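> Okay, handing you the structure first.
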Amino acid sequence: MTLLALGINHKTADVAVREQVAFTPEQLEAALAQLKALPVVDEAAVLSTCNRTELYCVIQSQGERPLLEWLGGFHGLPVESLMRCAYHYLDDAAARHLMRVASGLDSMVLGEPQILGQIKDAYQQARQVKGLGGELERLFQHTFAVAKQVRTETGIGENPVSVAYAAVSLASRIFDDFSRSRALLVGAGETIELVARHLHEAGVRELTVANRTRERAEQLAGEFGAEAIALGEIPRALEQADIVITSTAAPLPILGKGMVERALKVRRHRPIFMVDIAVPRDIEPQVGELDDVFLYTVDNLHEVIEENRRHRQVAARQAEELIDQGVGQWLHERRVRGAGDLIRRYREQGEAQRQAAEAQALAQLARGGDPEKILRRLSQQLTNRLLHGPTLRLREASGAERHDLIQAAESLLLDPAAPSQDPE
């Protein structure tokens, strides 16, 4: 069995590609079932966020091609286009990658805290469809423990900077006085909640939250004294919005060029600052062609994010050391489990030989044989049966000059505490 991590992320593909391979929440259950049903796949989990789509699988061979073909087939994409931007890791490298992702070391924003929660969600979704076996179950649990250690023992999570924070920071460079700006937030998930919090702390007092489920929008809006609206009311809200930040799981854009054009006419072409954090995108790319719109996607936040990265390099190095230890522990436990399987099979073999010798002795006793002779014969036969195979293979190894096997056998077969016996 081979552990495989295969994915596409913000380092290997731009948002136009990432949105094509992203899974919506509604797609995940069917995707996991299909992935688990592949002949080469024994266990599977899928992580899909705005910055990455990754498959974690236990497979029967080391080829990643069947998984790429499945990913391309699911999304209607040619596998050749995916190969140009996909990466894959095997066994300990795959485990290291997952631990780095969970600790925020592979994120666009170094150390961002949201990714750990997203991995826990992916883990729970895989469990619900019975995609996890012992190997992935242990890997995820070990990863959660390592990520927690990284968070508590390093400064990687101090003053956390997320994509949401980066979006608000970018807006602050355009608007001198947030208190006179009105913001429209589209979505009501964790990212938009962070955006609302950062905007509120920055001084924005006029907030509107638009969401497919109005109840959820009202719940979030209530925390910040904001207005809650349905998605159908966005065109009206756009006429008043200076800042628009979107992050939904919608499969198609919510804000189109025509909608924004009409709002700009009502606004008499007062500019609108827009950040589309979603993947797939919530705002049509053509909106960025309008003269009075400043449109940014997650890929445009690198400058803000790089500033954050520089401040966290020391903590990142400490985190890498903890991850090295975590991978080492995982590998050790994995090797121990591998030896455990060998031990189980070896004991089963010995037990089978014992039962055969016992059955033969009991049959002789039932026929009235001498118990003392039968007991002596039983012990001799059992000893011979247990030693015959190893003795034969030791002689073969000696004849082939396999000194490595001879040395290993000496360590495995002889009890160093047992006194040697001279032949009579």
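> Where both partners of a DSSP beta bridge lie in the chain, what percent of those bridges are antiparallel, to the nearest 5?
Working: 19 of 42 bridges.
The antiparallel fraction comes to roughly 45 percent.
> Please compute the modelled spin-label separation between Glu303 and Leu38, points set 7 Å along Cα→Cβ, answer in nm with one decimal.
4.0
> Does anyone have the angle between helix 25-37 and the longest principal axis of the chain? Alpha-carbon axes, 0 to 90°, nearest 10?
Compared with the principal axis, the helix lies near 20 degrees.
> While we're looking at this one, here's another question. Suppose the chain between Ala30 and His269 were pulled fully straight at 0.36 nm per residue; how much longer would it get relative to their current alpha carbon spacing? Mind dumping the intermediate values first?
Working: separation 239, 0.36 × 239 = 86.04 nm, distance 4.51 nm.
Extra length available between Ala30 and His269 comes to 81.5 nm.
> Which order do peptides 381-392, 401-412 fall in by mean Cβ count within 10 Å, highest first? Can you show the working numbers first?
Working: 381-392: 12.9, 401-412: 11.2.
Top of the packing list down: 381-392, 401-412.
> Can you tell me which of Gln219, Gln353, Gln125 moves the most in a GNM of the chain? Springs connect C-alpha atoms under 10 Å apart.
Among Gln219, Gln353, Gln125, the largest GNM mean-square fluctuation belongs to Gln353.
> The stretch 170-235 to the stretch 6-68: how many Å between their Cα centroids?
32
> Can you check what the net charge comes to around Glu351, using other residues whose Cβ is under 14 Å from the Cβ of Glu351 (Lys, Arg +1; Asp, Glu -1)?
Values: positive: Arg344, Arg345, Arg347, Arg354, Arg385; negative: Glu348, Glu358.
Computed value for this residue: +3.
> Starting from 0 in steps of 10 Å, tell me what percent of the Cα-Cα pairs of the stretch 97-176 lands in each bin.
Reading upward from the zero bin: 18, 41, 26, 12, 4, 0.
> Considering the chain, what Rg and Dmax in Å follow from its alpha-carbon atoms?
Cα only, the chain: 31.0, 112 Å (Rg, Dmax).
> Right, next: Starting at the first residue of the stretch 275-288, write each ³J(HN,Hα) from the Karplus equation 6.51 cos²θ - 1.76 cosθ + 1.60 with θ = phi - 60°, in whole Hz, x for Gly and Pro.
10, 9, 8, 6, 9, x, 5, 8, 10, 4, x, 5, 4, x
> Using only the alpha-carbon atoms, how far is helix 313-366 inclined from the longest principal axis of the chain? Give it as 0 to 90 degrees, nearest 10.
30
> Something else about it: How large is the charge dipole for the chain, taken about the Cα centre, if only the Cβ atoms of Lys, Arg (+1) and Asp, Glu (-1) carry charge, to the nearest 20 debye? Before the final figure, lay out each step's value.
Working: 49 positive and 60 negative charges, 149 e Å.
Dipole magnitude for the chain comes out near 720 debye.
> If each of Glu153 and Glu223 carries a label point 7 Å out from its Cα toward its Cβ, how far apart are those two points in nm?
3.1
> Related question: Going 7 Å from the Cα of Asp177 along its beta-carbon direction, which residues of the stretch 206-236 have the amide nitrogen within less than 15 Å of the resulting point?
Under cut-off, by backbone N: 206.
> Given points 7 Å out from each Cα along the Cα-Cβ axis, report the Arg347 to Arg205 separation in nanometres with one decimal.
7.2
> How much of the pair distance distribution for the stretch 251-369 lies past 25 Å, counting alpha-carbon pairs only, in percent? Don't jump to the answer; show the numbers that get you there.
On the way: 4601 of 7021 pairs.
Tail of the P(r) past 25 Å holds 66 percent of the pairs.
> Just the number, please: carbon plus sulfur as a percent of the accessible area of the chain, 1.4 Å probe, no ligands or DNA/RNA counted. List each step's numbers first, then the result.
Details: 11190 of 22320 Å².
After summing per-atom areas, the C and S share lands at 50 percent.
> Moving on. Could you give me the ³J(HN,Hα) list for the stretch 387-396, computed from phi with Karplus coefficients 6.51, -1.76, 1.60 and θ = phi - 60°, whole Hz, x at Gly and Pro?
8, 4, x, x, 4, 4, 6, 5, 5, 5
> For the stretch 187-297, state the average projected area of the convex hull of the C-alpha atoms over all orientations, rounded to one decimal in nm².
Details: hull surface 24.8 nm².
Taking a quarter of the hull surface, the average projection is 6.2 nm².
> Given a 1.4 angstrom probe, what's the average accessible area per residue across the chain, in square angstrom? Walk me through the numbers on the way to the answer.
Numbers: 22320 Å² over 424 residues.
Computed with neighbouring chains in place, this is 53 Å² per residue.
> Let me ask something else about it. I need the calculated FRET efficiency for the pair Asp14 and Ile406, taking r as the beta carbon distance and R₀ as 56 Å, to the nearest 0.05.
Details: r = 58 Å, r/R0 = 1.04.
Here the calculated transfer efficiency is 0.45.
> Using only the alpha carbons of the stretch 341-424, determine the length spanned along each of the three principal axes and report them from longest to shortest in whole angstroms.
Dimensions of the stretch 341-424 along the principal axes of its Cα atoms: 49, 37, 26 Å.
> Can you give me the angle between helix 214-224 and the longest principal axis of the chain, using Cα atoms only, in degrees from 0 to 90, rounded to the nearest 10?
Roughly 80 degrees between the two axes.
> Viscosity 1.567 mPa s, temperature 4 °C: what is the translational diffusion coefficient of the stretch 79-227 from Stokes-Einstein with a Kirkwood Rh over Cα pairs, rounded to a whole number of µm²/s?
On the way: Rh = 17.9 Å.
Once the numbers are plugged in, D ends up at 73 µm²/s.
The values are calculated or read from the model by the stated rules, or taken from the named source; none is laboratory data. Remember, predicted model here, so these are calculated numbers, not experimental data. Neighbour counts are summed over all protein chains in view; Cβ atoms, including those assigned to glycine, are modelled from backbone coordinates with ideal geometry. The protein model used for the area step is the full one, side chains on, heavy atoms only, and it has no ligands, DNA or RNA in it. Shrake-Rupley method; radii C 1.70, N 1.55, O 1.52, S 1.80 Å.
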